[in-house]
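Below you'll find the structure, written out as structure tokens, and then a few comments.
The values are calculated or read from the model by the stated rules, or taken from the named source; none is laboratory data. Everything numeric here is computed off the predicted structure, so don't read it as measured data. We place every Cβ from the backbone using ideal geometry, glycine too, and count neighbours over all the protein chains shown. Heavy atoms of the whole protein, side chains included, go into the accessibility calculation; ligands, DNA and RNA do not. Shrake-Rupley method; radii C 1.70, N 1.55, O 1.52, S 1.80 Å.
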Amino acid sequence: MTAEDSTFAVLGVLGDDVRRRLYRHVAAAPGEVGRDAAAEAVGISRSLAAFHLDKLVEAGLLTVSFRRLSGRTGPGAGRPAKVYRRAEGEHAVSVPPRSYDAVGRLLAEVVENAGLDRELQAAAKAAGAAHPDAAADDLIEVLRARGYQPFWDGETLRLHNCPFRALAEDFPALVCGMNLALLEGLAPEQWSPTMDPCPGGCCVALSKNKNH
Amino acid sequence: MTGFHLAQVNIGRIIAPLDGPELADFVAQLPEINELAERSPGFVWRMVDDEGEDATSFRPDENDDMLLINCSVWESVEALRNFTYHTGHLRVLSRRREWFHRVTEAHQALWWIPTGHRPSIAEAMERVARVREHGPGPLAFTFRDPYPAPAGAAQA
């Protein structure tokens, strides 16, 4: 099986609607998700959720660990429950084959070596502002549609996923600076995006201005 | 506990004098960023000048009064990487081109030192020169090509 074949196989697992909804729920959650919570979120029985969650684990899309959900330890605390979270790897497939990741890496390297951070940030900000969804009422939905997976952390809106993860790991200053500028362009003016990395997620956090 | 810590140096040419308006935002953020480094897991030491707050009065190249040096010691590459790229330090890093010229040659180096050692400016500059001349190696490397700490204390 080629790498492309295995990607098709992985994505095929997500062809099932229930499985896809479960995957989306777990992947967007800031922490681990238990079977009961996942079943409830998707509106299916616990045993059906367990079946599909384990299919997602088999495919490598989720990882599983065991935790006592009661918070108690020691004898009588009960058996640890299975909890699920999004797996680290990423799968992309293009039909017909295209390699935008290779192009992205090459371009990023040239832009970084040329010291064009500010030019990139200006372009990103303009692209964010020019997007049809810019200044939309429901920023959270706009961010979700772009893959950021927003969640509230108190008064702060954090982003559970970095849509530019692979490039951001290799070119953090360049790509995270670009991402911040993009979100500055995209977010309506009552929002303030700032650089405030959250573990495993996006470098940008957003808060609502007090005067709105 | 390996008996080794990771030393780090980076140098940068500022685009204007430190006390001018161009660098004001950078200078204003230094205390906060330095404090953030000191609070970060795995921080061991950072180089400070006679003022005792940061290293901005050091000029590692006497022929270049715009060249600044930043040097610190960490428990591991991971600890340094976390501070550099996964904290508020990233905010300053993403604005680097507002304050620093682009350098075409290598401008940073990482290397392993015996625990307790404090690198000097000359030592740090020698490691940068080593990356420039030979590329990354066990004696001076980069985040892109990290090398593990020496296995035995004798190799220090």
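Give, as residue ranges, the helices (runs of 4 or more DSSP H) completely inside the range B:41-139 that count at least 1 residues that are within 14 Å of chain A (Cβ to nearest Cβ), out of contact with any helix residue (DSSP H, G or I) (no Cβ under 6 Å at 6 or more places or on another chain) and surrounded by fewer than 17 Cβ atoms within 10 Å (Cβ to Cβ).
B:77-85, B:96-99
Within the range A:175-193, is there a residue that is without any contact (Cβ under 8 Å) to a residue 12 or more places away in the chain and surrounded by fewer than 18 Cβ atoms within 10 Å (Cβ to Cβ)?
So far as the range A:175-193 goes, no, none of its residues is without any contact (Cβ under 8 Å) to a residue 12 or more places away in the chain and surrounded by fewer than 18 Cβ atoms within 10 Å (Cβ to Cβ).
Of all the residues that make up the range B:16-40, how many are more than 17 Å from the chain's Cα centre (by Cα) and part of a helix (DSSP H, G or I)?
Total satisfying the criteria: 6.
Pick from A:123, A:92, A:108, A:127: which is modelled with pLDDT of 95 or more and under 30 Å from residue A:20 (Cβ atoms)?
A:127
Just to check your reading of the model, which residue among A:24, A:79, A:67, A:35 is exposed (fewer than 12 other Cβ atoms within 10 Å of the Cβ), outside the structural domain of residue A:166 (by TED's automatic domain parsing) and either charged (D, E, K, R) or under 30 Å from residue A:198 (Cα atoms) (or both)?
Sole residue among the options that is exposed (fewer than 12 other Cβ atoms within 10 Å of the Cβ), outside the structural domain of residue A:166 (by TED's automatic domain parsing) and either charged (D, E, K, R) or under 30 Å from residue A:198 (Cα atoms) (or both): A:79.
Is it fair to say residue A:205 is within 29 Å of residue A:113 (Cα to Cα) and in a strand (DSSP E or B)?
Here the answer is yes, as residue A:205 does meet what is asked.
Of all helices (runs of 4 or more DSSP H) completely enclosed by the range A:90-162, which ones contain at least 3 residues that are within 14 Å of chain B (Cβ to nearest Cβ) and open to solvent by less than 80 Å² (accessible area, probe 1.4 Å)?
The helices (runs of 4 or more DSSP H) meeting that bar are A:100-113, A:117-130.
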